[in-house]
Ligand code: NAD
């Protein structure tokens, strides 16, 4: 991973992507300027008591990019690299994503700059509860609904929900999604993003004449998104030939035993144990350049750049991560005939089932797993078709097409609402 100094700025990437689509849409400049800006940015510095009795100050963010189509929606990330521009970019991508799949949410995102791997469970709980308190006045079921992202999980959502409920004086299920099932979580939410990536990759593979059975798949990142997507590919008869985590990856051209690798990761926090070597060790950089049919980047931003895009040897990329490809790389991949399904479509399964969770919470209903799966599949397939149609009609790559669809919907809502007063 590049260090912080030569890191590509995700906000710069997000706004440049937006500019490409806005130019095609020929939007009213007043509207495009409005939707380019974030609506609200909250930065908080707050104290947390650590296990050794010391007090540490953390910095956290909640950014609401646009709420023209509904309350803000977007995850909370715990990572040392979290900063305002990253959270802004992630919030903007959430706005377009919710609009692409046509669910009534705006876009938001949050994060705390921290190293969760070096913190105890108690420290994480203390940090989560105090961060929730700091941002409580701008979140809520009608305002802005957080969810899990990198290094946050259902337990973190449970702490947020509990802290927010204590502040209100009654239980508020709908303040976060991605909760444990015992606390109003939805069946199918945990799998939703990875499953959605698989559904979209299947559609894209059909379009590109790549049979899923036997397809060679490489997955960068094996957390909630990458790990689950890998399992879906494996079950469908694809060959997952490489998978990685933050420390590097494992490669076997005959195909990995996905459940063994993920089990190893769960037990030992590592993909490779000395006794159970299932393939050769590779770096994250090497994984992206492996000869494969389908590549699933599902870790962090800016992984595919102008440096490695010419060396990528896949036919199809479905972006599980947010912002893994820079605009320069997009152009190279498009010119090389590599079909890229962008993040705001490929990983929208998460926000879609988050929407189902929120609807169930508001109505105090519980939907069956089958109901969730049928609705998710329908929305993902419909959205893929809509984006593909625009891409073919306008002769643009799938990212520009998805942005045109999403931004067009947000612009229409903004125009209809008008300016107050
Ligand atoms: P996670 O915390 O569950 O997993 C992150 C994975 O990435 C882990 O396997 C970790 O080891 C790996 N990783 C971390 N740093 C890495 C690095 N430098 N190189 C390679 N791998 C690295 O997070 P997640 O929820 O799976 O999120 C992954 C991506 O998917 C993020 O871009 C996130 O924004 C996006 N996303 C998540 C959801 C969701 O519902 N969780 C929804 C949409 C998009």
message: What's the number of the only condition in (1) more than 15 Å from the ligand (Cβ to nearest atom); (2) farther than 30 Å from residue 21 by Cβ; (3) in contact (Cβ under 8 Å) with a residue 60 or more places away in the chain that residue 294 fails to meet?
response: (2)
- line: Selection over segment 222-264 where residues are assigned to a loop (DSSP other than H, G, I, E, B) and out of contact with any strand residue (DSSP E or B) (no Cβ under 7 Å at 6 or more places or on another chain) yields a count of 7
- request: Within segment 322-355, work out how many residues are surrounded by fewer than 22 Cβ atoms within 10 Å (Cβ to Cβ) and either within 16 Å of the chain's Cα centre (by Cα) or within 10 Å of the ligand (Cβ to nearest atom) (or both).
  value: 0
message: Being crowded, with 16+ Cβ neighbours inside 10 Å, within 9 Å of the ligand (Cβ to nearest atom) and either more than 28 Å from residue 110 (Cα to Cα) or touching a residue at least 12 places away in the same chain (Cβ under 8 Å) (or both) is the requirement here; does residue 301 meet it?
response: yes
- request: Look at residue 402 and say whether it is touching a helix residue (DSSP H, G or I) at 6+ places or on another chain (Cβ under 6 Å), in a helix (DSSP H, G or I), more than 30 Å from residue 184 (Cβ to Cβ) and within 16 Å of the ligand (Cβ to nearest atom).
  value: yes
- request: Just need a number here: residues in segment 390-399 that are in contact (Cβ under 8 Å) with a residue 12 or more places away in the chain, farther than 11 Å from residue 200 by Cβ and part of a helix (DSSP H, G or I).
  value: 3
- prompt: Any residue in segment 94-103 that is away from the ligand (no atom under 13 Å from the Cβ) and outside any loop (DSSP other than H, G, I, E, B)?
  reply: yes
Conditions (1) at pLDDT 95 or above; (2) away from the ligand (no atom under 11 Å from the Cβ); (3) under 22 Å from residue 193 (Cβ atoms); (4) crowded, with 19+ Cβ neighbours inside 10 Å; number of the one not met by residue 261: (1)
message: For segment 182-198, which positions are surrounded by fewer than 22 Cβ atoms within 10 Å (Cβ to Cβ), away from the ligand (no atom under 13 Å from the Cβ) and not in a loop (DSSP other than H, G, I, E, B)?
response: 182, 183
task: Go through the residues of segment 306-321 one by one and say whether even a single one is surrounded by fewer than 23 Cβ atoms within 10 Å (Cβ to Cβ) and within 14 Å of the ligand (Cβ to nearest atom).
output: yes
task: Among the residues of segment 134-158, write down those that are within 16 Å of the ligand (Cβ to nearest atom) and not in a loop (DSSP other than H, G, I, E, B).
output: 145, 146, 147, 148, 154, 155, 156, 157, 158
- line: Reported set for segment 356-369 where residues are more than 16 Å from the ligand (Cβ to nearest atom) and in contact with a helix residue (DSSP H, G or I) (Cβ under 7 Å, 6 or more places away or on another chain) is 361, 362, 366, 367
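The values are calculated or read from the model by the stated rules, or taken from the named source; none is laboratory data. All figures in this text were calculated on a predicted structure; none of them were measured in a lab. Because the Cβ atoms are built from the backbone with ideal geometry, glycine has one as well, and the counts that use them run over all protein chains shown.
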